[in-house]
Amino acid sequence: MTTDAQSQAVTDGFDLVIDALKLNGIDTIFGLPGIPITDLTRRAQAAGMRVISFRHEQNAGNAAAIAGFMTQKPGICLTVSAPGFLNGLTALANATTNCFPMILVSGSSEREIVDLQQGDYEEMDQLAIARPLAKAAFRVLHAEDIGVGIARSIRAAVSGRPGGVYLDLPAKLFAQTMDAEAGKRSLIKVVDPAPRQIPAQDAVQRALAMLKTAKRPLIVLGKGAAYAQADADIRALVEKTGIPYLPMSMAKGLLPDTHEQSAAAARSYVLPEADVVMLIGARLNWLLSHGKGKTWGGKDHKAWGGQKFIQIDISPQEADSNVRIDAPVVGDIGSCVSAMLGGISAMGANWPQPSADWLGAVAERKSKNIAKMAETLARNPTPMNFHSALNVMRDIIKANPDAILVNEGANALDFTRSIVDMQKPRKRLDVGTWGVMGIGMGFAVAAAVVSGQPVIAIEGDSAFGFSGMEVETICRYNLPVCVVVFNNNGVYCGTDVNPTGGPDVAPTVFVKGARYDKLIEAFGGVGVHATTPAELRKAVEEAVRSRKPTLVNAVIDETAGTESGRITSLNPTSAKKK
Ligand code: ADP
Ligand code: TZD
């Protein structure tokens with residue numbers, strides 16, 4: 001005879017975690033199995049989730065972060081304790097820095113042993129270590145709290161300014177059982193995880209008044225604007241106001257880069273000349289020279305250029321972080337842009353278009369710079385340089401507007417950003433706020449998994465090395481990823497020499513003539529060695545057409561490129577060589 005207690009269905013920690021994620025529409029986990037989470041990966045797959053297993057947790061973490069950016073749902077990265085957790089932590093910190101929503105879920109060892117520092121397997125006080133690098137950090141000790149733990153993690157990741165969240169799940173939790181019905185009731189489907197934040201009307205009016213009286217207005221679109229998925233309204237705001245705009249790197253394509261109001265090709269002209277600048281989802285950090293100094297027309301590197309700033313941002317603390325913000329508009333970008341559009345429509349024909357003088361001056365700079373660039377791109381040197389190779393990549397991206405471009409490196413990054421036009425939003429994924437190397441293959445895997453579209457990763461040879469082993473992952477899941485390694489034999493370029501004449505090569509130099517294409521062949525992918533633009537074109541076009549995992553080793557002149565690309569000046573000695 002069975003007792004009531006025996007016949008009751010039970011659930012456990014593993015299933016509750018999986019059920020809580022699924023209940024909240026999370027269908028993919030990026031991770032790397034091991035004690036204590038191996039069964040979690042198996043059971044998640046058995047429960048119909050997509051489990052993408054990586055070769056290193058940092059790449060899984062980067063995948064989760066960019067999946068979060070692309071979908072507005074937190075990307076999940078699952079790791080083992082201590083070392084696995086630490087490997088994932090760089091990606092978590094990077095996600096927080098970039099305002100990407102992700103949750104790093106790590107198994108951890110026994111609390112009692114960790115807290116007494118008795119030397120457990122992979123012992124580490126992970127929660128304490130994660131906390132300063134995450135937007136929020138939580139630990140769940142009891143199975144009945146899993147629902148709350150996951151709900152809070154989701155809310156923290158996507159509400160307000162998005163960021164990285166750490167969720168600590170000790171090994172013991174997974175095996176805890178509870179009554180299945182009670183378990184089900186303990187789960188929370190998060191209602192409205194990223195609530196709209198409506199801007200105050202007076203803030204909107206203040207901003208509009210400033211914009212209306214501007215003589216030389218400029219709009220700067222940042223990756224927060226891309227994240228917000230308010231594409232149509234942002235385009236309408238730009239077009240209705242007629243104001244020239246600058247897209248930050250990952251905001252490229254929010255409006256097509258060929259848009260006549262894009263001032264990207266006149267950046268060094270518009271920044272110092274503008275009198276009112278409206279930032280939409282972009283911070284005045286180092287990427288915008290902190291809003292001051294010579295870039296902005298200031299007399300020296302610290303001086304204010306005289307611009308007035310409007311800043312649309314969800315974070316009420318962002319304004320005044322670097323220079324005075326005269327008109328902060330705090331709210332989510334969708335609501336803010338729509339409120340501004342409403343205000344502009346209300347003025348009807350009274351809304352002034354920018355002066356012909358300003359638009360004419362921007363257009364003149366732009367066409368001069370575009371013509372100069374066209375000349376450079378048309379050259380066909382042997383060996384290839386960044387320009388001749390990117391001339392090819394630019395055509396291919398143009399012909400494949402839905403393809404996603406992943407990009408890292410120094411010169412490989414800077415030249416690609418300025419040469420390759422994007423036509424659609426959220427198609428360019430790159431090193432972001434930190435300029436971090438190593439995002440390449442994690443981003444490429446996630447972009448392919450999330451979108452199903454072909455992915456083209458343009459990688460410096462140094463940059464590629466940080467995550468290169470994931471070409472196996474790309475092959476294993478048969479993802480439509482074409483990696484193009486711009487191989488110039490080293491970090492920045494390959495020409496440094498060891499001044500002592502000793503046997504070691506210079507710190508920036510790699511094996512000359514390396515064949516990165518052979519790497520992917522080891523896993524059944526297509527490897528191509530390309531030494532001319534024609535070979536490069538053929539290989540990448542074929543990869544995009546066939547959707548086969550491909551790595552093109554594009555041989556670039558080792559003398560091409562400058563130290564640190566465009567940010568040479570940030571080197572302490574700024575000692576320069578060509
Ligand atoms: P970029 O590097 O492209 O200049 P940043 O990462 O510096 O962009 O800035 C992104 C900004 O966008 C952050 O300040 C963030 O608070 C803001 N942001 C992110 N998502 C939203 C949103 N949905 N609504 C409003 N602001 C947002
Ligand atoms: N480590 C990490 C994690 N991030 C970094 N940004 C760096 C080191 C320093 N770094 C750069 O800023 S760019 C770069 C490094 C190592 C690589 C540049 O060489 P590359 O690109 O081959 O990738 P180019 O095109 O040859 O310049």
Practice prompt. Residue by residue through region 446-475, note down the ones that are polar (S, T, N, Q) and closer than 11 Å to ARG55 by Cα.
Written response: SER467, THR473
Discussion item. Within region 237-260, take every residue that is farther than 22 Å from PHE69 by Cβ and open to solvent by less than 30 Å² (accessible area, probe 1.4 Å) and give me the one that is nearest to ligand 2 (Cβ to nearest atom).
Written reply: HIS259
Item to complete: From (1) touching a strand residue (DSSP E or B) at 6+ places or on another chain (Cβ under 9 Å); (2) open to solvent by 100 Å² or more (accessible area, probe 1.4 Å); (3) not basic (Lys, Arg), pick out the condition that doesn't hold for ASP357.
Response: (1)
Worksheet item: Taking region 175-193, which residues are farther than 10 Å from THR11 by Cα and either in contact with a helix residue (DSSP H, G or I) (Cβ under 7 Å, 6 or more places away or on another chain) or acidic (Asp, Glu) (or both)?
Response: SER186, LEU187, ILE188, LYS189, VAL190, ASP192, PRO193
Practice prompt. Find the strands (runs of 3 or more DSSP E) located wholly in region 396-477 whose residues include 3 or more that are surrounded by 24 or more Cβ atoms within 10 Å (Cβ to Cβ) and not small (Gly, Ala, Ser), and list them.
Written response: 404-408, 455-460
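For region 517-536, which positions are in contact with a His (Cβ under 9 Å, 6 or more places away or on another chain) and surrounded by fewer than 17 Cβ atoms within 10 Å (Cβ to Cβ)?
Within region 517-536, LYS518 is the sole residue that qualifies.
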Fill in: Members of region 158-175 that are aliphatic (A, V, I, L, M), within 13 Å of SER81 (Cβ to Cβ) and part of a helix (DSSP H, G or I)
ALA171, LEU173
Discussion item. Just to be sure I understand the filter: pairs with C-beta atoms under 6 Å, separated by 6 or more residues or on different chains, first member in region 299-310 and over 18 Å from TYR269 (Cβ atoms), second member assigned to a strand (DSSP E or B) and of a type in the set (A, V, I, L, M). Which pairs pass?
Written reply: LYS308/VAL276; PHE309/VAL277; ILE310/MET278; ILE310/ALA327
Worksheet item: Of the conditions (1) open to solvent by less than 20 Å² (accessible area, probe 1.4 Å); (2) within 16 Å of ligand 1 (Cβ to nearest atom); (3) part of a helix (DSSP H, G or I), VAL277 fails just one. Which one is it?
Response: (3)
Worksheet item: Which residue out of ALA264, ALA232 is aliphatic (A, V, I, L, M), open to solvent by 10 Å² or more (accessible area, probe 1.4 Å) and closer than 20 Å to ASP313 by Cα?
Response: ALA232
Fill in: Given (1) within 18 Å of ALA209 (Cβ to Cβ); (2) crowded, with 17+ Cβ neighbours inside 10 Å; (3) away from ligand 1 (no atom under 12 Å from the Cβ), number of the condition MET347 does not satisfy
(2)
Fill in: Candidates THR2, THR41, THR28, filtered to the one that is at negative phi and at pLDDT below 95
THR2
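Out of curiosity, is THR213 among the polar types (S, T, N, Q), open to solvent by 10 Å² or more (accessible area, probe 1.4 Å) and farther than 30 Å from LYS252 by Cα?
So THR213 does not fit the description; no.
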Practice prompt. Starting from region 159-175, take each residue that is assigned by TED's automatic domain parsing to the domain that holds THR79 and basic (Lys, Arg) and list its partners that are open to solvent by 10 Å² or more (accessible area, probe 1.4 Å) and within 15 Å of ligand 1 (Cβ to nearest atom), counting only C-beta distances under 9 angstrom and pairs at least six apart or across chains.
Written response: ARG161/CYS99; ARG161/LYS135; ARG161/GLY224; ARG161/ASP313; ARG161/ILE314; ARG161/SER315; ARG161/GLN317; ARG161/GLU318
Fill in: Residue list for region 95-112, restricted to those being open to solvent by less than 10 Å² (accessible area, probe 1.4 Å) and within 16 Å of ligand 1 (Cβ to nearest atom)
ALA95, ASN98, PHE100, PRO101, MET102
Response to the item:
Note on region 202-247: residues out of contact with any Leu (no Cβ under 8 Å at 6 or more places or on another chain), within 15 Å of ligand 1 (Cβ to nearest atom), of a type outside the set (Gly, Ala, Ser) and assigned to a helix (DSSP H, G or I) are VAL204, LYS223, TYR227
Discussion item. Against the definition (closer than 28 Å to LYS372 by Cβ, open to solvent by less than 20 Å² (accessible area, probe 1.4 Å), over 14 Å from the mean Cα position of the chain (by Cα) and within 13 Å of ligand 2 (Cβ to nearest atom)), how does LEU390 come out, yes or no?
Written reply: yes
Worksheet item: Does ALA514 meet the test of being without any contact (Cβ under 8 Å) to a residue 40 or more places away in the chain, of a type in the set (A, V, I, L, M) and either open to solvent by 30 Å² or more (accessible area, probe 1.4 Å) or assigned by TED's automatic domain parsing to the domain that holds VAL392 (or both)?
Response: no
Discussion item. Going by what's in this entry, would ARG152 be described as more than 20 Å from ASN62 (Cα to Cα) and without any contact (Cβ under 8 Å) to a residue 24 or more places away in the chain?
Written reply: yes
Worksheet item: Would you call GLY502 over 30 Å from ILE52 (Cα atoms) and open to solvent by less than 70 Å² (accessible area, probe 1.4 Å)?
Response: yes
Item to complete: For region 25-48, enumerate the residues that are buried (at least 19 other Cβ atoms within 10 Å of the Cβ) and either closer than 19 Å to GLN72 by Cβ or outside the structural domain of VAL148 (by TED's automatic domain parsing) (or both).
Response: ILE26, THR28, ILE29, PHE30
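The values are calculated or read from the model by the stated rules, or taken from the named source; none is laboratory data. None of these values were measured; they are calculated from a predicted model. All Cβ positions, even for glycine, are placed from backbone atoms using ideal geometry, and neighbour counts span all protein chains on display. For the accessible areas, the whole protein counts, side chains as well, though only heavy atoms, and no ligand, DNA or RNA atoms are used. Shrake-Rupley method; radii C 1.70, N 1.55, O 1.52, S 1.80 Å.
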